[in-house]
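Everything below concerns the one structure shown next.
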Amino acid sequence: MRSKMRAGTVLAVGGVVALLLAALAAGAVKTSAAAPVGSGKPSPTKSVCGLGSGKKAKGTPIKIGSIVTVAPGVNWDEITDNVRAYFNCVNDNGGINGRPIKYIVHVDPINPELVAAFAKKLIEEEKVVAIVGTIDVMDCAVNAAYYAQKKFYVIGDGVHDLCYGGTPYHIPINMGPAYSTLGAAQYLWRAGAKSIVAVSPTGVDAAGTWNKPAVEFAKSKGLKGIDVHDPYPTQASYALKYVQLAGDGGGVILDYTTDQLLTVIKAAEQQGIANKVLWAASTPAYDTRFAARAGSFWDNKIGINTELRPFTTTGPDATLYRQVYKKYTPKKWGLSSFGEFGFLDARIATEVLLTLRPNQLNAKGVNTAFTKIKNWKSDLLCRPFYSGNLPGHLPNNWDLTSTGKNGKMVQREPCFPIAPVTPEVKAARAAEKKYKLTSGVSYPPPAWQR
């Protein structure tokens, strides 16, 4: 009898195991759900969104604003989309100590009157406490005096020369087109280019100044530097023009977005003239779209100035950027430097807000805190980020070079300092040393130390 019971028990247990295995295979048995994106305990190897609580913020919203240029060939809302994505992740992880962020974005089609009106609307009507993620052709030039009057310090991304050392009220995460083009010129010089042709688009480079540092650098190295401005939409015929200007063994820098850049280099490839010169590009082309579309012919043949560290690394901020992008960005631009800019704009602003008391979460308290950022580190930055009571800000003045290979973006050069060919770069380096802006104690402190 005992043997029969034992055999029956074994058969019963075996039947249960078989049923469980079948259920698991069919997906009928639920496994534990993955942790919400951006949640968890922060550490030196893990970044989270805000508090990382995994719980939605339900308090009174904190309003933050932005202005972004969107015009033919200039779709910079990729940056504000990624700012919003990070803020949404923060809101799903406890917000700013319980209060969600409401992000308000105004779109500028390159109209100075609108840009001025948007700044006033954000501050006076919509009552934002901060401006974060702005990326506009004219904001620095049009609104600097107004921001000074209202004591607003913009953490965003610059375009106009005044954004970089020309006003204390803009604190850009990026180094902008002029310095990105300069970084590309430095790459070409190291690669042995015999001349440097720098090309920027008219209309966007309205002042015609983006190429000046690159041309100045070329001349300082005894090379011929040529400043070229062509309108959008970029024409395939431009390829021959640039190659002829550079001459055999010369270098060409294209300060174009991905689509415009591909128009030129693909034309050069088709015309059989691509190998006559060395090629480089400024930051807008550092994205997964370029790597996927350029084709194997261009593997390792074009150095793209990147401004930030690669989005492909395993660092905590790079990892969180990819996760936030995947879940929260509705328009799938692809991973890019522009996406990293938006992510970092929102991340540093959030980290500052989390250090403030409830009665400081107003325009005065937030903007005062924005001037105190010091030695803030991220695995996406070559050097620590900072602000300060300075006549101007150029905190991002080191960067690196990437290229496409096998359909992916890969790092080609390590981080290097932008050449000090302008007074603004020299002033930034002097301020960093004098005030220890990239060394010593950090503000805001790392999340795991709070």
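Quick note: the coordinates plus some simple rules give every number you see, no bench work behind them. Only a predicted model underlies this, so the values are computations on that prediction, with no experimental measurement involved. Using ideal geometry, Cβ is built from the backbone for each residue, glycine included, and neighbour counts are taken over all protein chains shown.
Assorted remarks:
- Cβ-defined net charge surrounding Gly247, 12 Å radius [Lys, Arg +1; Asp, Glu -1]: +2
- Proximal charge balance of Cys49 [Cβ under 9 Å; K/R count +1, D/E count -1]: 0
- Likely footprinting exposure, Lys212, Lys276, fewest C-beta neighbours within 10 Å first: Lys276, Lys212
- Mean residue ellipticity at 222 nm, helices only, the chain: -11500 deg cm²/dmol; runs of at least 4 DSSP H residues each add -39,500 (n - 2.57), and the sum is divided by the number of residues.
- Sparse packing (at most 15 other Cβ atoms within 10 Å of the Cβ) combined with a DSSP loop state is found for the following trypsin sites (Lys or Arg not before Pro) in segment 34-143: Lys55, Lys56, Lys58, Lys127.
- One way to sum up the overall shape of segment 178-305 is the equivalent ellipsoid from its Cα gyration tensor, whose semi-axes run 19, 16, 14 Å, largest first.
- Placing pseudo-labels 7 Å out from each Cα toward the beta carbon at Ser220 and Lys426 gives an inter-label distance of 0.9 nm.
- Most simply put, the chain has about 30% antiparallel DSSP beta bridges, counting only bridges with both residues inside it.
- With a simple spin-label model that places each label point 7 Å from the Cα along the Cα-to-Cβ direction, the separation between Ala71 and Lys327 comes to 3.7 nm.
- Scattering profile of segment 93-164 at q = 0.21, 0.22, 0.24, 0.26 Å⁻¹ [log10 I(q)/I(0), Debye over alpha-carbon scatterers]: -0.91, -0.99, -1.15, -1.32
- Sorted peptide list for 108-114, 245-251, criterion being average Cβ within 10 angstrom, highest first: 245-251, 108-114
- FRET efficiency, 1/(1 + (r/R0)^6) with R0 22 Å, evaluated for Ala145 and Tyr435 via beta carbons: 0.30
- If you look at the Cα atoms of the chain, you get an Rg and a Dmax of 25.0, 101 Å.
- Cβ-derived FRET efficiency at R0 22 Å, Asn300 paired with Leu245, nearest 0.05: 0.40
- Among the listed pairs Lys102/Lys326; Lys121/Lys150; Lys326/Lys364; Lys276/Lys426; Lys56/Lys326, those whose Cα-Cα separation exceeds 24 Å are Lys326/Lys364; Lys276/Lys426.
- Distance between segment 193-232 and segment 243-300 - C-alpha centres, whole angstrom: 16 Å
- Nitroxide proxy distance, nm - points 7 Å out along Cα→Cβ at Glu113 and Trp448: 5.4 nm
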